[in-house]
Amino acid sequence: MTQGLSARALGCVRAGRPVFSGLSFDAAPGEVVQVRGANGSGKSSLLRLLCGLLPPARGSVHWHGRPVAPGNAALAAEAAYMAHASGMHGELSVNENLRFALQLAGGDTTAAHVAEVLQRLQLGAQQHRPVHRLSQGQQRRLALARVLLSRRTLWLLDEPCAGLDTQGDAAFAQCLAEHVARGGIAVVTTHHAIDTGTACTRTLDMDQ
Amino acid sequence: MDTLQRVDATAAPRGTGRRGWRRLAAPLVFHAWAGRALPWFAGLAAVLAVAGLYVGFAVAPTDRQQGEVYRIIFIHVPAAWMSMFIYLVAAGHAAIGLAFHTRLSPLMARAVAPTGALFTVIALWTGAAWGKPTWGAWWVWDARLTSELILLFLYLGYLGLVSAIDDPRRADRGGAIVLLAGVVNVPIIYFSVQWWNTLHQGASVSLTAAPAMAHTMLAGMLLMALACWAYSIAVALARVRCLIVEREALARQWS
Amino acid sequence: MLVAIPIIGREVRLASRRPMDALSALFFFVAVGSLFPLGVGPDAALLTAIGPGVVWVAALLAVLISLHRLFLPDLEDGTLEQLLLAPRSLTGIVGAKVVAHWLVTCLPLVIVAPLMGLQFGLLPQAVGVLLLSLLLGTPTLVLLGALGAALTLGLRGNVLLALIVLPMCVPVLIFGSGAVSSTQQGLQAGPHLSLLGACLLVAGVLCPWATGAALRLAVE
C-alpha cells in the first residue's frame, strides 16, 4: 500500500531475547489499530519499533510506501509518540512543559489553542501547577494534550487510558475519533477496547 | 472490526554464497576454523617462548651497567608492545563492526581485550620490578609507565562496560564507541604525558633499553614479542569460540 | 541552532527551581580544594607548588560527580525519547544540553576558582591563566563526560562512568594545570592554552555526534 503505515514481518529482540516475530499489518489514513495482548507480549516494543526508537531485528516498517530506518527524519516529522512515561519534567509547570515539548517537536504553540486543548482535557485550572503535583491521570491527559497540539498525522500511543477516569476516557475517545476523521492514523496499545464510534478500527492481537 | 492475524515469517536463508575468506565472517564457520587453528598457534607460542627465554636468559650477554637485572626487558618490552598493539586491534574490530555490521567483529574485540589488559599489567609489574633495583623506587612516574597505567584504565573501562550491559547489541556498539574514543585519545594521552614528564622533572629516566643493543638482545626481544603475539591469538581464538557459542544459543531461540 | 534556546532555557529554569542540585558541584569543588591544605600542611611554598594541580583536579572531580544529572532525569521521565524523536539534529540537541550543563555546573566553578587560586598563593597573572584555562578546559571535560554518561546511562553504580571518562580527561588536566604552573614559574602559558583550545575543538566536533549515537543505544 502506498499511503499510511505498514509493517512487514517485523521481529523484535529485547536484551537478547526474542519478543515476537513475523508481525505484519497495514494502517491506512483514517484507521485506528488497537493493539491487545498479555503483559510482556511486546505491545510497547511494537510501538517503539514503529516510531524508530528500536531497530527491528527482522522485517521492516514502511511509511507512505517508503522504508523507514531508526532516526528517520520523514517519520519523525509526522509521528507523535506517547510512552508510559509522560515526557514531562515534574519541576516545571504544565504550560512550561507543553511549550518546551512543542518548541522541540514543532507544533501549535498559540496560547489560545493551548488553552483550548487544556480546557477540553480538564486541565485548564492546572496550567501553572508543577507537574509533580498532578495525579497520574492528569499527567496522562497532559501527555495527550501534547500529542493533540503536535498536529501530527500518525499517533503511536502506549496505554493512553492508564489512570484515566470515565470522563477522561470519553474525552480521549472523542479526540481519537476526530483525529482519524481528519485522515490521521493511530496505533494504540490498550487493555480494553476503546469506543471510537464510527471510525474504522482494527484489532491486532499480540498473543497469536 | 476485523482482527489482524500475525503472519508467520518465511525463514530468511542463512548467509550463503560467500567465497574464500569472506566465509569466515559467519560466526559458525569461524568457530570451526578457530577450533582447528587454535592448537597451531598455541604450539607456536610455546616454541617461540622457549626460544625467546633461552636467548634472553642464557645467551644474551650481561649488561655492563645494570648487571643481570636488565634481563627483565625481555618480558617488559614485548608485553608493553603487545598491550598497545592489541588495543589497536580491538579498536580496528570495533570500527569494522560499527561500519559493516558484521556479527563477528564485536566478539573479536571482546576476545582480545582481556589479553591486552593482562599484558598491560605485566608491563607495569615488570616495569616496577626493573625500576626498584635500577633507580631505587618501585614507581618513578616515567612517561611510558604512566601511559601504560592510563592504557590499563582504558582497557578496564571497556571490559567493565561490556560486562555491565545485558543487551548484547548495546554492549557491542557501546563498547565499540568506547574503544574508538580510546584509540583517538591514546596518541593525545601519550603526547600529553610526555609533555608532563619533561615539564616537571629534568632527568629523563627512561625504561626503554640502552641505546646500543647487542644483536642477541634484540633477537631475544623479538622472539618474545612473537611468542606473545602467537599466545594472544591462541587465547583470543579460544575466547571467541565461547562467545560465538553463547551468541548462537541466543539466536537459536528465533527458530 | 534554534533548538538550543528552549533546551538551555529549560535547564537554567530547572536549576533555579532546585539550586542545591546545581550548586552541589560547586560545593564539592570548594570542599576538595580546602581538604588538600588540611591534608598536606600549611607550608606556603608547598601549597603554591601543588595549587594549580589541586584546583584542576577538584574541577575535574566536580564535573564528574555532576554528570549523572545530565541525561538520567531525562531518561527517567521520558523526555529523552522525545528528544530522540524530535525532527531536529541530535548532534545539535546534545550540544545544547552540554552547553546548558556547563552554564549551570561549571560557570560557578570558574567564577570561584580565582578565589581558590589566591588561597593557594598563586601570583595574579597565574590566577588569570587559571581562569582562562578553566574556561577553555571545563567545556572539554563536560563534552567528554557527556559521552561517558550516555554510554553508561541507566547502568548501576558510578564507578564505570569515572573509569571511562577519567583517562580521556588526563590530557586536559595536564595542559590546564601545566598552563598555570608555567605562569607561576614565569614561563609562557601560550602553548598549553593552545593545546587546550585544540582539545576543545576536537572534542566539540567529535563528542556530540558520538554521544548522540550512545544515547540512541541507551534508549533501545
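Candidates are the residues of region A:100-117 that are of a type outside the set (A, V, I, L, M) and facing another protein chain (nearest Cβ under 8 Å); the one that is surrounded by the most Cβ atoms within 10 Å (Cβ to Cβ) is A:PHE100.
Answer with yes or no whether A:GLY11 is crowded, with 18+ Cβ neighbours inside 10 Å, modelled with pLDDT of 85 or more and more than 16 Å from the chain's Cα centre (by Cα). Considered against the rule, which asks whether it is crowded, with 18+ Cβ neighbours inside 10 Å, modelled with pLDDT of 85 or more and more than 16 Å from the chain's Cα centre (by Cα), A:GLY11 comes out as yes.
Against the condition at pLDDT below 90, away from chain C (no Cβ under 12 Å) and surrounded by 19 or more Cβ atoms within 10 Å (Cβ to Cβ), how does A:ALA76 come out, does it pass? It is false that A:ALA76 is at pLDDT below 90, away from chain C (no Cβ under 12 Å) and surrounded by 19 or more Cβ atoms within 10 Å (Cβ to Cβ). Would region C:183-198 turn up any residue that is more than 10 Å from every other protein chain (Cβ to nearest Cβ), crowded, with 24+ Cβ neighbours inside 10 Å, of a type in the set (A, V, I, L, M) and part of a helix (DSSP H, G or I)? Yes, because at least one residue in region C:183-198 is more than 10 Å from every other protein chain (Cβ to nearest Cβ), crowded, with 24+ Cβ neighbours inside 10 Å, of a type in the set (A, V, I, L, M) and part of a helix (DSSP H, G or I). Across region B:153-170, the qualifying residues are those that are touching a residue at least 12 places away in the same chain (Cβ under 8 Å) and more than 9 Å from chain C (Cβ to nearest Cβ), and the one among them that is nearest to B:GLY127 (Cα to Cα) is B:TYR155.
Residues are listed down the side, and each one gets a yes or a no for (1) among the acidic types (Asp, Glu); (2) closer than 30 Å to A:PRO55 by Cα; (3) at pLDDT 95 or above; (4) assigned to a helix (DSSP H, G or I):
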{"site": "B:GLY131", "(1), (2), (3), (4)": "no, no, no, yes"}
{"site": "B:THR134", "(1), (2), (3), (4)": "no, no, no, yes"}
{"site": "B:SER147", "(1), (2), (3), (4)": "no, no, no, yes"}
{"site": "B:PHE153", "(1), (2), (3), (4)": "no, no, yes, yes"}
{"site": "B:GLY157", "(1), (2), (3), (4)": "no, yes, yes, yes"}
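For beta carbons closer than 9 Å, sequence separation of 6+ or different chains, a first residue in region A:13-28 that is at positive phi and a second that is part of a strand (DSSP E or B) and not acidic (Asp, Glu), the qualifying pairs are A:GLY22/A:ALA9; A:GLY22/A:LEU10; A:GLY22/A:GLY11; A:GLY22/A:ARG58; A:GLY22/A:GLY59. Considered as a group, the residues in region A:14-54 that are within 8 Å of chain B (Cβ to nearest Cβ) and within 20 Å of C:GLU81 (Cβ to Cβ) include one that is surrounded by the fewest Cβ atoms within 10 Å (Cβ to Cβ), and that residue is A:ALA15. Is it the case that B:VAL178 is of a type in the set (A, V, I, L, M, F, W, C), closer than 25 Å to A:PRO55 by Cα, surrounded by 22 or more Cβ atoms within 10 Å (Cβ to Cβ) and in contact with a helix residue (DSSP H, G or I) (Cβ under 9 Å, 6 or more places away or on another chain)? Spelling it out, B:VAL178 is indeed of a type in the set (A, V, I, L, M, F, W, C), closer than 25 Å to A:PRO55 by Cα, surrounded by 22 or more Cβ atoms within 10 Å (Cβ to Cβ) and in contact with a helix residue (DSSP H, G or I) (Cβ under 9 Å, 6 or more places away or on another chain). Regarding region B:105-123, can at least one residue be identified that is at positive phi and not hydroxyl-bearing (Ser, Thr, Tyr)? Checked against the condition, which is being at positive phi and not hydroxyl-bearing (Ser, Thr, Tyr), region B:105-123 yields no hits at all. For region C:143-153, does any single residue satisfy the condition of being part of a loop (DSSP other than H, G, I, E, B), touching a helix residue (DSSP H, G or I) at 6+ places or on another chain (Cβ under 8 Å), closer than 26 Å to B:TYR158 by Cα and within 14 Å of another protein chain (Cβ to nearest Cβ)? Scanning region C:143-153, I find at least one residue that is part of a loop (DSSP other than H, G, I, E, B), touching a helix residue (DSSP H, G or I) at 6+ places or on another chain (Cβ under 8 Å), closer than 26 Å to B:TYR158 by Cα and within 14 Å of another protein chain (Cβ to nearest Cβ), so the answer is yes.
The values are calculated or read from the model by the stated rules, or taken from the named source; none is laboratory data. All values reported here derive from a predicted model rather than from experimental measurement. Note that each Cβ is placed from the backbone with ideal geometry, even for glycine, and that neighbours are counted across all protein chains shown.
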